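Following: one structure in structure tokens, then a few remarks.
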Amino acid sequence: MSGIVFHQQQVVFPSHQCKCCSVPRIKGERVGFPYLQHGYAASCPKFVKLSPHAVVGGSGGAQYSEQWLDARKKQKREKIAGIDQDELLDPLLLADADSCFCEFRGVQIHHKVYDAESQSNNAESQSNNSSQSHTISQVAHNSSWKLGLPMILLHGFGASVYSWSRVMKPLTEVTGSKVLAFDRPAFGLTSRVDASTYLSTGTNDAKPLNPYSLAFSVLATLHFIDFLASEKIVLVGHSAGSLVAVDSYFEAPECIEALILISPAIFAPSAAQKPAEQDKAGRENQTEGEISNSNMLAKPFIKIFSILLRCITCITQAIVQMTKGMTDMLNLMYKRTLSAILRSAFGVMLIRVIIDKFGRAAVRSAWHDPNQATEHVLNGYTKPLRAKGWDKALAEFTAATLANAQSESKSPMSKRLSEISCPVLIITGDNDRIVPSWNAKRLSQAIPGSCLEVIKNCGHLPHEEKVDEFVSIVYKFLHGAFGDQKEPSLQGAVV
């Protein structure tokens with residue numbers, strides 16, 4: 001008989017009348033195909049449930065089976081921040097028409113390059129784009145001055161080359177040279193390598209570098225400086241990318257002509273004590289010490305008390321140092337444990353939950369006006385979630401960031417900021433909810449000779465929210481720093 005046949009599976013109703021409907025049942029009656037045919041079983045889902053082991057025969061049964069399988073597939077499909085996770089692709093398959101890839105230490109790095117010469121040749125075709133053409137005409141075409149140096153753009157956490165899409169072409173007009181942006185490992189369309197396999201197999205290096213570490217991003221930046229075949233460049237970093245930019249400067253200061261830090265996620269040190277106040281405090285301490293010495297010479301009891309006090313002080317300091325050492329050890333153990341958890345299946349699942357719940361909301365909160373974060377913008381930020389291994393790579397990146405924080409091989413950033421000698425521009429929005437503008441102000445005070453520009457009615461993304469104003473500020477800064485100099489434009493640019 002055609003229809004649905006259960007393999008030794010029949011449902012016995014426990015009562016005379018179904019509890020879910022008014023269909024009368026005979027106690028102990030077994031429900032067979034006639035009831036299914038007349039819809040009685042379908043009206044009682046509490047007692048009758050189709051088994052996945054059912055054999056389907058006939059056209060009607062086959063159609064029902066296909067619907068059931070489709071429903072099962074829909075139930076299993078998982079989405080993260082609106083992106084289907086059942087059909088993840090290789091990043092190469094997600095590339096745009098102008099995407100480029102290059103291999104660096106076993107990692108395929110996605111990047112885009114815009115050329116000033118090619119952009120000038122295509123100026124007429126771009127005239128329909130009012131935002132970009134207006135920016136270029138107002139800022140660059142009104143002046144014949146060009147910097148003549150290439151520029152490298154470093155995106156922040158959770159972003160990609162996409163975040164620079166509105167300003168790359170206008171910046172080529174400002175620099176008169178190439179502008180390059182690349183996706184740091186764990187972001188965008190750069191390949192997601194397995195860190196454990198990568199570190200175990202290694203490359204030609206004696207000790208392979210974690211591809212998700214800050215140091216790797218710095219070396220990748222230096223690699224692209226060589227790629228541009230320029231002796232010097234202008235380095236631009238946004239948010240967490242500012243840290244990569246500053247570290248790249250300290251790695252090769254001779255290659256960085258200027259730094260531009262946008263909404264920099266670099267913790268700025270508090271204002272240092274003024275030298276005059278330090279001298280005054282020192283004189284007061286010295287005076288108190290001289291008085292104390294004279295008193296000790298005059299009164300033996302005070303001298304003995306002072307010796308005891310010194311002994312107690314030394315013991316207290318020893319205990320404090322011991323406690324500090326234990327605290328540092330516990331802190332190190334805590335960070336290592338947290339790193340291990342992040343790399344585990346639980347950590348990856350946690351990353352997926354966080355991105356799903358807060359990913360799109362975080363993008364909106366980065367804008368002064370969240371309504372400007374259109375569906376097109378959100379799609380641009382969430383596109384990398386279609387790449388295979390994005391979740392594991394993000395977990396590895398977070399763990400590597402913790403490892404970098406616990407490293408003591410370098411002096412604190414707050415101490416190194418004063419050593420920056422190239423021109424520095426800091427741009428921030430007055431309504432930045434992610435990195436407050438007051439931090440940028442403190443950072444500008446810590447870097448000698450730096451310029452600070454605060455854009456009004458702007459959030460964490462000045463280069464996306466206020467394109468015209470952003471490009472204008474960059475142009476004025478570069479022209480002010482190098483406008484009267486002939487050497488930068490003669491030295492560097494290769495177009």
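The values are calculated or read from the model by the stated rules, or taken from the named source; none is laboratory data. Note that this is a predicted model, so its numbers are computed, not measured. Because the Cβ atoms are built from the backbone with ideal geometry, glycine has one as well, and the counts that use them run over all protein chains shown. Heads up: the accessible areas ignore ligands, DNA and RNA and are worked out on the full protein's heavy atoms, side chains in. Shrake-Rupley method; radii C 1.70, N 1.55, O 1.52, S 1.80 Å.
Hey, can you tell me all the residues within segment 88-98 that are in a loop (DSSP other than H, G, I, E, B) and farther than 26 Å from ARG364 by Cβ?
ASP90, ALA95, ALA97, ASP98
Can you name the residue in segment 367-399 that is farther than 15 Å from TYR162 by Cα and part of a loop (DSSP other than H, G, I, E, B) and, of all such residues, is most open to solvent (accessible area, probe 1.4 Å)?
Filtering segment 367-399 for residues that are farther than 15 Å from TYR162 by Cα and part of a loop (DSSP other than H, G, I, E, B), the one most open to solvent (accessible area, probe 1.4 Å) comes out as LYS388.
Please enumerate the residues belonging to segment 378-401 that are free of Cβ contacts under 8 Å to residues at least 60 places away in the same chain and of a type in the set (Val, Ile, Thr).
Selection gives THR398 alone.
Search segment 247-271 for residues being loosely packed, with under 14 Cβ neighbours inside 10 Å and not aliphatic (A, V, I, L, M), and hand back the single one that is farthest from ALA366 (Cα to Cα).
GLU254
Under 8 Å between Cβ atoms, at least 6 apart or on separate chains: pull out the pairs that start in segment 339-353 with a residue that is more than 15 Å from ASP194 (Cα to Cα) and end on any residue that is open to solvent by 60 Å² or more (accessible area, probe 1.4 Å).
GLY347/ILE341
Out of curiosity, is LEU180 at pLDDT 95 or above and not charged (D, E, K, R)?
Criteria met by LEU180.
Considering every residue within segment 431-451, establish whether at least one is touching a Gly at 6+ places or on another chain (Cβ under 6 Å), surrounded by 22 or more Cβ atoms within 10 Å (Cβ to Cβ) and not in a loop (DSSP other than H, G, I, E, B).
No; the residues of segment 431-451 include none that is touching a Gly at 6+ places or on another chain (Cβ under 6 Å), surrounded by 22 or more Cβ atoms within 10 Å (Cβ to Cβ) and not in a loop (DSSP other than H, G, I, E, B).
Give the residues of segment 454-484 that are assigned to a helix (DSSP H, G or I), among the small types (Gly, Ala, Ser) and closer than 21 Å to ALA159 by Cα, sorted by residue number.
none
Under 6 Å between Cβ atoms, at least 6 apart or on separate chains: pull out the pairs that start in segment 185-199 with a residue that is in contact (Cβ under 8 Å) with a residue 40 or more places away in the chain and end on any residue that is open to solvent by less than 20 Å² (accessible area, probe 1.4 Å) and of a type in the set (Phe, Trp, Tyr).
Partner pairs satisfying both residue conditions: PRO185/TYR212; ALA186/TYR212.
Which of the residues that make up segment 158-176 are over 28 Å from ALA361 (Cβ atoms) and touching a strand residue (DSSP E or B) at 6+ places or on another chain (Cβ under 7 Å)?
Answer for segment 158-176, where residues must be over 28 Å from ALA361 (Cβ atoms) and touching a strand residue (DSSP E or B) at 6+ places or on another chain (Cβ under 7 Å): LYS169, LEU171, THR172, THR175.
Can you give me the number of residues within segment 149-183 that are without any contact (Cβ under 8 Å) to a residue 60 or more places away in the chain, closer than 17 Å to ALA229 by Cβ and not β-branched (Val, Ile, Thr)?
Within segment 149-183, residues that are without any contact (Cβ under 8 Å) to a residue 60 or more places away in the chain, closer than 17 Å to ALA229 by Cβ and not β-branched (Val, Ile, Thr) number 0.
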